[in-house]
Amino acid sequence: MLPPIAGIFDKKKLLRERMKLERDHAAAARPDAAVHAARNFMSAIDIADGDVVSLYDPMRNELDPRPLAEALLEKGAIIALPVVRRKKAPLIFRKFTPRDTLIAGAYGEQIPDETAPEITPDIVLAPMLAFSKGGGRLGYGGGFYDRTLVQLRADGNVIAVGYAYGAQEVDDLPLSPLDQPLDWVVTERGAFRCV
C-alpha cells in the first residue's frame, strides 16, 4: 500500500494537466490580462520606495508580469528575478533593471547573469498553475517556491503573491504539509488577500 502522501501527488499531477489547458485558454481569450493584473496589483498592495519585488520571466502562457515591472519601477521599487541554483534548493534572487542583459536559466527562463547582485525580496510574485481562495498554490512540482518561502519567512517578513489568470482558480487543492500558502492572489479580475 502506498503512503497517503502519494495520493496527493497523483491528484496534483492530474490537476496540473487540466490547469495547463485552462491557462492556455485564458491566455488566448484575454491578451490584455497582464495590463489589468498589473493595475490590480498596484491598487491592492502597498509598495514603498526601495521595496524589492521578485518577478519572473513568463513561460508557457504564464500571466506576464512585464507591465507590472514598469509600474513598480515608476513607484521606486527594485526588481529582482529568481535564479535556480540547483534542484532541491531555495531560489536566489538577483537584481534586474530593464537595460540588463539576461541569460538562459536552468529551465529556459531568462535570468540575470552572475554579475547582478544577489538581493532579498520583500515581495515574491509566484507563477502557478492553480490557486484557491484560501491561499493554496499549485506550481509545477519542483518545490522551488515552497522551499524559498520557508527560508524567507524564517529570516523575516515576506509577502507571497500568486499571479495568474482568474480562470486558474479552483475550489480546493490537494495540498501537502510542504506547500507554502500565499498571502495574496492577483489576477486580471482583481486582487484579494488570502484567508
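Any idea which of (1) crowded, with 21+ Cβ neighbours inside 10 Å; (2) under 15 Å from the mean Cα position of the chain (by Cα); (3) outside any strand (DSSP E or B); (4) free of Cβ contacts under 8 Å to residues at least 40 places away in the same chain is the one GLY135 doesn't satisfy?
(4)
Which ones in the stretch 56-104 are more than 25 Å from VAL185 (Cβ to Cβ) and assigned to a loop (DSSP other than H, G, I, E, B)?
ARG85, ARG86, LYS87, LYS88, ALA89, THR97, PRO98, ARG99, ASP100, THR101
Out of curiosity, is LEU102 surrounded by fewer than 16 Cβ atoms within 10 Å (Cβ to Cβ), within 26 Å of PRO31 (Cα to Cα) and touching a Leu at 6+ places or on another chain (Cβ under 9 Å)?
When the stated conditions are applied, LEU102 passes them.
Failed condition for LEU129, given (1) touching a residue at least 40 places away in the same chain (Cβ under 8 Å); (2) in contact with a Lys or Arg (Cβ under 7 Å, 6 or more places away or on another chain); (3) under 16 Å from ALA77 (Cβ atoms), with all others met?
Going through the list (1) touching a residue at least 40 places away in the same chain (Cβ under 8 Å); (2) in contact with a Lys or Arg (Cβ under 7 Å, 6 or more places away or on another chain); (3) under 16 Å from ALA77 (Cβ atoms), LEU129 breaks only (3).
Just to be sure, is TYR140 at pLDDT 95 or above and hydroxyl-bearing (Ser, Thr, Tyr)?
Working: at pLDDT 95 or above: no; hydroxyl-bearing (Ser, Thr, Tyr): yes.
In short, no.
Of ALA34, ALA44, ALA28, which residue is out of contact with any Asp or Glu (no Cβ under 8 Å at 6 or more places or on another chain), more than 26 Å from SER176 (Cβ to Cβ), modelled with pLDDT of 95 or more and surrounded by 14 or more Cβ atoms within 10 Å (Cβ to Cβ)? Spell out the reasoning first.
Numbers: ALA34 fails: out of contact with any Asp or Glu (no Cβ under 8 Å at 6 or more places or on another chain); ALA28 fails: surrounded by 14 or more Cβ atoms within 10 Å (Cβ to Cβ).
After applying the criteria, what remains is ALA44.
crowded, with 18+ Cβ neighbours inside 10 Å, acidic (Asp, Glu) and more than 23 Å from ASN61 (Cα to Cα): which single residue out of ASP113, ASP122 fits that description?
None of the others qualify; the one that does is ASP122.
With respect to PHE41, determine if the residue is closer than 20 Å to ILE123 by Cβ, in a strand (DSSP E or B) and not charged (D, E, K, R).
No.
The values are calculated or read from the model by the stated rules, or taken from the named source; none is laboratory data. Since we're looking at a predicted model, the values are computed, not measured. Neighbour counts run over all protein chains shown; Cβ positions are idealised from the backbone, glycine included.
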